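Working notes for the structure below.
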Amino acid sequence: MNIALLSDIHGNARALKAVLNELKNTSIDQIYILGDLCYRGPEPKNALETVRSTPAKVLKGNADEWVVRGIKQGEVPDSALALMNQEQEWTVERLSTDDIHYLEQLPASFLDTFEESVTMHAIHATPESLFEVVSSDATEEELQQKLGVEKTADIVVYGHIHTPYIKSAGGKTFINTGSVGLPFDGDPRPSYVLLHIENGAFHAGIHRVDYDLDRVMDQYDANDYPNSQQMKQVIKTGKKP
């Protein structure tokens, strides 16, 4: 059984389509998309329509919650609050009422068992929060304490930090998918994870995809995106703003 794990598209429809096109060449039984679908990218509507047309199990991320209700003080640095809410308003203007409802009703987690033997807990950030950060350099103790609360789970997969990794701790495998639309690990290419399960055993690998990031940078300007300079720099460098 082959499972594709994606997250953090952030309105970068070109990056998403590059990943989905690559997956067409692989025998995939199930796709999971772990949230942050359309905020902070130049094509929120296109990205969301692409997600909704994909036979994937989709979770809510913090950015999806922000699209629904705006960004509250304390959730981002005070210096960024006004501009990020301006970006939120720009995004909402390009979505329909049905799109907003879709984001609002997305689930927060999945706990699924495959082949009656391998259980995966899929979340956006942590089991208790859409916002809490568990970094790629978290200790084994932190991974178990903050992410490994589902005792039956063999695998815990999440997004949010835009930095892919695969680690084992306390008898569980912890996976971060990285980001499709806005990588932060210094590699601007979209990342995703392929999980293969067979006869009660599993292994996972991180994959990167080439795509035309210059076109995406041009789209920020062409679409009059607020904060376009900062977002173009993230697209270009694959580094956190």
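Only the coordinates and a few stated rules stand behind these numbers; no lab work does. Everything numeric here is computed off the predicted structure, so don't read it as measured data. We place every Cβ from the backbone using ideal geometry, glycine too, and count neighbours over all the protein chains shown.
Taking the charge dipole of the chain about its Cα centre, with +1 at Lys and Arg Cβ atoms and -1 at Asp and Glu Cβ atoms, the residue from Gln145, Thr126, Leu81 reaching farthest to the positive side is Leu81. Amide H to amide H distances under 5 Å link Leu34 with Leu6, Ser7, Asp8, Leu59, where only residues 5 or more positions off or on other chains count and H is placed in the peptide plane. Database remark: amide H of Phe114 closer than 5 angstrom to the amide H of Thr119, Met120 (H placed geometrically; neighbours at sequence offset of 5 or more, or on other chains; Pro and chain starts carry no H). For the range 234-241, backbone phi angles converted through the Karplus equation (6.51, -1.76, 1.60; θ = phi - 60°) give residue-by-residue couplings of 5, 4, 5, 9, x, 10, 5, x Hz, Gly and Pro being listed as x. The loop-placed GluC sites (Glu not before Pro) in the range 86-119, going by DSSP, that have at most 11 neighbouring Cβ atoms within 10 Å of their Cβ come out as Glu116. Placing +1 on the Cβ of every Lys and Arg and -1 on the Cβ of every Asp and Glu, with nothing else charged, gives the range 1-103 a dipole about its Cα centre of roughly 260 debye. Evaluated with a Cβ-only charge set (Lys, Arg +1; Asp, Glu -1), the range 79-216 carries a dipole of roughly 240 debye about its Cα centre, given to the nearest 20. Farthest towards the positive end of the charge dipole of the chain, among the residues Leu106, Tyr158, Ala18, is the Cα of Ala18, using unit charges on the Cβ of Lys, Arg, Asp and Glu.
For the range 90-241, the number of Lys pairs with C-alpha atoms closer than 28 Å, counting only pairs eight or more positions apart or on separate chains, is 10. With the helix formula -39500 (n - 2.57) applied to DSSP H stretches of n ≥ 4, the chain reaches a computed 222 nm mean residue ellipticity of -9500 deg cm²/dmol. Labels on offer are [x] 1.11; [y] 0.96; [z] 1.04, and the one holding Cα Rg over 2.2 N^0.38 Å computed from this structure is [y]. Remark: the range 72-84, residue by residue, has Karplus-estimated 3J(HN,Hα) of 9, 4, x, 8, 9, x, 3, 5, 9, 4, 5, 5, 5 Hz, where x stands for each Gly or Pro and the curve is 6.51 cos²θ - 1.76 cosθ + 1.60 at θ = phi - 60°.
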